[in-house]
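Data first, discussion second: the structure below is written as structure tokens.
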Amino acid sequence: MDGLTLSQASSSAGSLPADVLATIMMEATVSQFKDTPFGHWDRVSSAANVCSHWRSVALSDSRLWAFIFADYYTPTWILELGASRSRGRALILHIQIHSTRFLSRRGSPPPAVPRFLQTVFGIMQNSPCASLAVDSEDACGSMAFMNHFPLTSFTTLMRFTCGLHEYPYSAGSGSIVLPGSLNSIIFIRNIFIVSFPATLVELSLEDVVDAPCAQLILLLQKCTRVIRLRLQGIYCQGRDGGPKVVLPALRELEVHIQVSPCALLEYIDAPFIRSLHLSVHNTSALLIFVRRTKEIVSRVAHLDLRVEGLQAAAFVSVLGECSSVRSIAAPRAVLAQVNCGPHIEAFPNDNLGIL
């Protein structure tokens with residue numbers, strides 16, 4: 001430890017100001033709180049055992065207790081403890097609904113799905129909740145969540161991550177009622193066509209595979225106030241031709257492409273877009289994306305380009321389509337080979353990696 005003894009290190013750590021120490025604990029524990037029901041609080045407890053000062057900070061800082069992971073096997077007292085020690089701070093709640101196959105492999109009989117959800121809901125309904133994520137592994141759990149966990153009860157909910165598995169796209173229509181406070185929603189693996197509140201400004205679609213393109217377009221048509229749109233791992237079916245979806249409020253688009261660009265991108269018209277963050281795993285997919293979305297690319301003022309193995313020739317080709325760009329982030333090696341011009345400010349993004 002560069003000459004610093006363990007006792008000196010412990011003494012130095014023990015003398016850290018409470019706010020600094022609490023921030024360190026947040027970074028060390030909260031960033032991975034979703035791995036197991038006990039994982040986050042195990043790390044908080046470990047930090048509390050370092051010394052009396054650390055224990056005081058760990059037990060008193062409400063931010064550390066506002067992150068709650070709940071599954072079938074989470075004891076009620078754990079949920080109550082988190083809700084209590086959060087001291088009115090808005091909760092970050094993650095619900096894991098295991099599949100019947102997973103539960104049968106565990107051997108021990110779990111509580112019934114409705115009862116589990118009702119227990120979590122009963123504990124949380126009197127606490128403000130800022131963010132809710134639900135991850136259901138089969139259709140049974142998805143239906144149970146919709147029937148026994150009314151989202152409208154969370155009047156402070158601002159962010160909802162919807163990871164409902166194996167649920168038909170068409171069957172989701174009108175099944176979820178969203179609270180009017182919501183400003184961000186993330187759909188993972190499945191989408192639901194619902195009435196979105198006027199407050200919604202951020203939409204993210206992740207790993208939605210084999211969804212009908214018409215359904216995705218219908219979803220976007222109901223989100224015309226969205227300012228930020230994020231697409232990752234989207235592969236849709238059908239839809240050749242037809243009018244585009246106009247998103248007049250959209251200012252920022254983030255796209256992650258692993259194989260080839262999704263056809264959905266061809267049906268998005270963003271007349272006032274300002275920023276495009278593009279993460280692509282090969283140059284061929286990059287050039288296809290630019291060819292299919294020329295209107296969007298030509299309008300952006302800032303382009304963040306992260307492409308594995310990006311060559312100067314491909315970068316020049318992309319730059320030629322960016323008639324309105326004023327700042328661009330790209331690999332340092334590429335920027336060294338290409339003159340972006342006097343009106344474009346260039347930034348290297350090598351240390352950031354793929355988005």
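Looking only at residues that are among the hydroxyl-bearing types (Ser, Thr, Tyr) and under 17 Å from residue 204 (Cα atoms) in the stretch 232-287, which one is nearest to the chain's Cα centre (by Cα)? Among those that are among the hydroxyl-bearing types (Ser, Thr, Tyr) and under 17 Å from residue 204 (Cα atoms), it is 279.
Total residues in the stretch 280-331 satisfying the condition of being surrounded by 17 or more Cβ atoms within 10 Å (Cβ to Cβ) and touching a Leu at 6+ places or on another chain (Cβ under 8 Å): the figure is 24.
Can you find, within the stretch 260-282, the residue that is farthest from residue 231 (Cα to Cα) among those that are of a type in the set (S, T, N, Q) and at pLDDT 90 or above? Before you say what the answer is, go through the steps one by one.
Taking the stretch 260-282 and keeping what is of a type in the set (S, T, N, Q), we get 260, 275, 279, 282.
Still in the running and at pLDDT 90 or above: 275, 279.
Values: 275: 14, 279: 10 Å.
Checked the stretch 260-282; the qualifying residue farthest from residue 231 (Cα to Cα) is 275.
Step by step: first the residues of the stretch 271-286, then only those that are touching a helix residue (DSSP H, G or I) at 6+ places or on another chain (Cβ under 6 Å) and among the aliphatic types (A, V, I, L, M), then the one that is farthest from residue 208 (Cα to Cα). Which residue is that? The residue in question is 273. The single condition among (1) within 20 Å of residue 130 (Cα to Cα); (2) in contact with a Phe, Trp or Tyr (Cβ under 7 Å, 6 or more places away or on another chain); (3) not in a loop (DSSP other than H, G, I, E, B) that residue 217 does not satisfy is (1). Applying the set (1) on the phi > 0 side of the Ramachandran plot; (2) part of a loop (DSSP other than H, G, I, E, B) to residue 271 leaves exactly one unmet item: (1). Pairs meeting the criteria (first residue in the stretch 202-214 and surrounded by fewer than 16 Cβ atoms within 10 Å (Cβ to Cβ) and at pLDDT 85 or above, second residue aliphatic (A, V, I, L, M) and part of a strand (DSSP E or B), beta carbons under 7 Å, at least 6 apart or on different chains) are 207/188. For the stretch 51-77, the candidate set comprises residues that are surrounded by 16 or more Cβ atoms within 10 Å (Cβ to Cβ), more than 16 Å from residue 133 (Cα to Cα) and aliphatic (A, V, I, L, M); within that set, the residue that is farthest from the chain's Cα centre (by Cα) is 57.
The residue of the stretch 236-259 that is modelled with the lowest pLDDT, among those that are outside any loop (DSSP other than H, G, I, E, B) and surrounded by fewer than 17 Cβ atoms within 10 Å (Cβ to Cβ), is 237. In the stretch 199-213, of all residues being part of a strand (DSSP E or B) and more than 14 Å from the chain's Cα centre (by Cα), the one that is farthest from residue 233 (Cα to Cα) corresponds to 212. Screening residue 98 with (1) at pLDDT below 65; (2) under 13 Å from residue 145 (Cβ atoms) gives one miss only, at (1). Quickly run through the stretch 165-198 and pick out the residues that are buried (at least 19 other Cβ atoms within 10 Å of the Cβ), assigned to a loop (DSSP other than H, G, I, E, B) and modelled with pLDDT of 90 or more. Across the stretch 165-198, the qualifying residue is only 182. Of all the numbered requirements in (1) in a helix (DSSP H, G or I); (2) at pLDDT 80 or above; (3) not aliphatic (A, V, I, L, M), residue 115 misses one, and that requirement is (2).
Has the stretch 221-233 got any residue that is over 26 Å from residue 302 (Cα atoms) and at pLDDT 85 or above?
Keep residues of the stretch 221-233 that are over 26 Å from residue 302 (Cα atoms), which gives 222.
Checking which are at pLDDT 85 or above leaves us with 222.
Yes, because at least one residue in the stretch 221-233 is over 26 Å from residue 302 (Cα atoms) and at pLDDT 85 or above.
If you filter the stretch 182-197 down to residues that are among the polar types (S, T, N, Q) and under 16 Å from residue 133 (Cβ atoms), you find that the one that is nearest to the chain's Cα centre (by Cα) is 184. For first residues located in the stretch 307-335 and assigned to a strand (DSSP E or B), partners that are of a type in the set (Val, Ile, Thr) and lie 6+ apart or on another chain with Cβ distances below 8 Å form the pairs 307/280; 307/283; 327/344; 328/344.
The values are calculated or read from the model by the stated rules, or taken from the named source; none is laboratory data. Please read these numbers as outputs of a predicted model, since none were measured by experiment. Note that each Cβ is placed from the backbone with ideal geometry, even for glycine, and that neighbours are counted across all protein chains shown.
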